[in-house]
Amino acid sequence: MSKPKIIWVAFLLLPGLLYAQRKAKTNTSGSVVIISGRYYNYESKIDSVNIDLWDNLFTADKSQFIPHRSYRVPLKNGRFTFKLDSVYKLSYFSLSDFNDKWGNAFPYLKFYLIGPGDNINIAITNVKPSIAEYIETDKGDSTCVNCKTILFAGKGSEKNNCRYSLDTASANAWKFYNKEETAQYYKTLKIYQDQGAELPIPTLSQESNRLQKRIDYILKTPFNILYNFKSKLSNETYGIVEANLIGKVMNDLYAKPMSIRTSMATSGLEKDNYKNLYKEKYQIKSSGIIQNNASNSVFYLDYILTRSKLETLLLGNNNEEKKRQVNLPLVEKVYNYLKFNYTGQLKEKLLTAFVYNNISYINDDSPILSDCLYTVKNDQYLDILNLSISNNQIGKTAYNFSLPDRNDRMINLSDYKGKVVFIDFWFTGCQGCIEYFKNVLSKVEEAYSSNENVVFISISLDANKDIWNKGVTSNFYTSTKIINLYKANSSQVIKQYSIVAYPHPLLIDKEGKIFSNSENDLRAKGVNGLTQKIKEALELKSK
């Protein structure tokens with residue numbers, strides 16, 4: 001950004017900053033938090049602001065299903081104010097002012113920290129930065145999600161100025177590095193093509209080194225910024241901000257890619273070489289975050305979860321008894337890895353998050369569920385686990401949703417009691433949904449097309465009817481011959497089953513009870529797996 005633009009933005013934000021400093025003196029209650037703000041040069045279609053507040057957030061993946069407070073206030077002359085009571089510790093909040101095409105509130109501040117007694121004013125200016133990105137809204141138009149410049153002022157503002165600076169620096173560094181890396185890739189590709197040869201597939205070791213080099217580059221500038229804020233933050237806040245920075249970058253740019261890459265490895269020698277590399281370089285670099293800060297960092301918790309899967313794939317479980325159980329499913333191996341490698345509150349959060357995020361991958365006869373309920377002692381985590389397990393338990397009466405079809409007629413699950421009902425949850429743009437329908441679901445639907453005792457229902461997250469209709473008629477995600485419903489995100493059904501990954505299959509028996517929600521049986525095993533489960537549901541005798 002050029003100097004004139006910096007001066008212009010600062011000039012626009014100055015009144016808001018001065019206003020915040022005056023207001024900061026009015027908040028005297030230790031448990032009350034005030035978050036106010038003003039939009040400068042804002043779009044007229046923004047008429048309200050939404051805030052979500054989590055007292056205890058242990059995973060970003062399913063944050064919308066974890067208990068939290070949510071409020072919406074109207075904009076008055078571009079200003080908004082939230083007064084939140086009963087904030088007794090560092091908590092996370094998100095701010096949003098529009099919904100994406102699936103009807104979800106799309107936050108422009110996501111998982112920022114707020115503490116007891118904070119009185120923060122936010123000055124928001126719309127600009128056109130180099131990292132601009134446009135998202136389709138639920139109304140079918142597009143909105144720029146990275147076109148806001150934000151400054152915080154008032155009591156407790158420094159931790160969020162720090163976080164915003166870190167996010168901006170990381171995004172800019174990633175964009176620059178990605179551009180350079182892409183240019184180098186095509187340069188190398190051309191050299192091989194000129195020689196009439198194919199570009200070799202990188203080994204795990206080469207891929208690891210490449211990703212680690214990327215991490216080092218992208219973290220360099222943010223770490224310098226973070227150090228400059230150290231004197232302005234408490235030790236606890238600094239530790240959590242640091243853990244969030246490392247966790248987010250490492251998870252998105254190393255742990256997730258390498259977990260996928262390792263799962264695809266076929267050469268035993270390649271894996272052995274990579275195990276040694278991982279032990280030598282990666283594990284050393286991943287240490288240094290103290291347990292308490294890791295426990296209170298939502299991004300670092302998710303990073304540990306992904307890293308534990310990666311380490312389980314590569315290194316196995318260090319517990320001797322579990323080492324002998326070589327035939328355990330991967331989900332049980334990762335659970336055991338978490339259980340035996342972490343302690344205290346961190347372990348309880350990790351186990352809760354793991355079971356919560358993987359409930360559809362855990363078989364009903366797996367020891368994980370009972371073991372987790374025995375191991376976790378925190379009442380809040382137990383309540384969340386019990387509810388999630390209960391809602392997804394085989395044999396439980398399925399949630400009786402009511403959703404509109406293509407004629408806006410409301411369809412209820414109970415309308416099909418006495419029949420086996422297969423439900424597929426999807427959304428427009430979901431590549432996995434396209435592959436599932438093409439390779440599995442369309443073939444099974446055709447096989448049962450003349451069986452009146454089997455009903456196929458497709459449920460879309462799309463909030464915009466035109467977008468959804470195009471998805472239906474494209475025949476990429478579903479067939480027009482079955483029952484097609486939409487607006488799932490405005491229904492309790494998504495929250496009921498804690499669905500965040502798509503496609504998501506669900507099989508209901510003739511009595512309206514959950515027969516199977518297993519990703520393995522209904523999706524991973526292909527046509528034969530899904531056909532077999534439907535056959536079993538048809539043969540089930542009524543009690």
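Arrange 494, 411, 459 by Cβ neighbour counts within 10 Å, fewest through most, would you?
Values: 494 22, 411 18, 459 25.
Least crowded to most crowded, the residues run 411, 494, 459.
Mind checking the angle between helix 268-277 and the chain's longest principal axis? C-alpha axes, 0 to 90 degrees, to the nearest 10.
Approximately 20 degrees, to the nearest 10.
Just grab the label-to-label distance for residue 291 and residue 402, each label 7 Å out from Cα along the Cβ direction, in nm (one decimal).
With each label placed 7 Å out from Cα toward Cβ, I get 5.0 nm.
Calculate, in whole percent, how much of the Cα-Cα pair population of the range 402-539 lies beyond 26 Å.
Values: 1301 of 9453 pairs.
Everything past 26 Å amounts to 14 percent.
Straight distance only, please: which aspartates and glutamates reach the Cα of residue 339 with their own Cα at less than 16 Å, same-chain residues fewer than 8 apart left out?
Partners found: 302, 311, 320, 321, 348, 371.
What is the spin-label model distance, in nm, from residue 482 to residue 144 if the labels are put 7 Å beyond Cα along the C-beta direction?
4.1
Taking the DSSP beta bridges in the range 402-539 as the whole, what percent of them are antiparallel, to the nearest 5? Spell out each step's value before the answer.
Working: 10 of 20 bridges.
Counting DSSP beta bridges with both partners in the range 402-539, the antiparallel share is about 50 percent.
Do the sum for the chain: with -39,500 (n - 2.57) for every DSSP H run of n ≥ 4, divided by all residues, what is the mean residue ellipticity at 222 nm, to the nearest 500 deg cm²/dmol? Please list the in-between numbers first.
Details: 18 runs with 233 residues, N = 543.
The helix contribution divided over the chain gives -13500 deg cm²/dmol.
Once you place label points 7 Å from the Cα toward the Cβ at residue 439 and residue 374, how far apart are they in nm?
3.8
Given 0.36 nm per residue, what is the gain on full extension from residue 528 to residue 77 after removing their alpha carbon distance, in nm? Could you put the intermediate results ahead of the total?
Values: separation 451, 0.36 × 451 = 162.36 nm, distance 6.00 nm.
Stretched out fully, the residue 528 to residue 77 stretch lengthens by 156.4 nm.
Assuming 0.36 nm per residue, please report the length gained on full extension of the stretch residue 32 to residue 46 beyond their Cα-Cα distance. Walk me through the numbers before you get to the answer.
Working: separation 14, 0.36 × 14 = 5.04 nm, distance 2.69 nm.
Length difference between fully extended and current span is 2.4 nm.
Only bridges whose two residues both fall in the chain count here: according to DSSP, what percent of them are antiparallel, nearest 5? Numbers along the way, then the final one.
Working: 47 of 64 bridges.
Around 75 percent antiparallel, to the nearest 5.
How far, in nm, would the chain grow between residue 205 and residue 165 when pulled straight, counting 0.36 nm per residue and subtracting the alpha carbon separation?
Values: separation 40, 0.36 × 40 = 14.40 nm, distance 3.27 nm.
Length difference between fully extended and current span is 11.1 nm.
Limiting things to C-alpha atoms, what are the Rg and the maximum Cα-Cα separation (Dmax) for the range 336-398, in angstroms?
Over the range 336-398's Cα set, Rg and Dmax evaluate to 11.5, 37 Å.
Strictly over 26 Å apart at the Cα level, which of 101/525; 481/510; 417/443; 438/481; 148/179 would you flag in this model? The partial results should precede the final answer.
Working: 101/525 31 Å; 481/510 21 Å; 417/443 24 Å; 438/481 15 Å; 148/179 23 Å.
Beyond 26 Å: 101/525.
Tell me the angle of helix 379-391 to the major Cα principal axis of the chain, expressed in degrees between 0 and 90 and rounded to the nearest ten.
30
Taking only Cα atoms, what is the 0 to 90° angle, nearest 10, from helix 204-228's long axis to the longest principal axis of the chain?
30
Would you please state which residues of the range 112-150 a label at residue 232 would reach in this model, taking the label point 7 Å out along Cα→Cβ and a backbone N cut-off of under 17 Å?
112-115, 118-124, 149-150
Just so you know, all these numbers are worked out from the coordinates, no wet-lab data involved. Every value quoted in this text rests on a predicted model; they were computed, and no experiment measured them. Because the Cβ atoms are built from the backbone with ideal geometry, glycine has one as well, and the counts that use them run over all protein chains shown.
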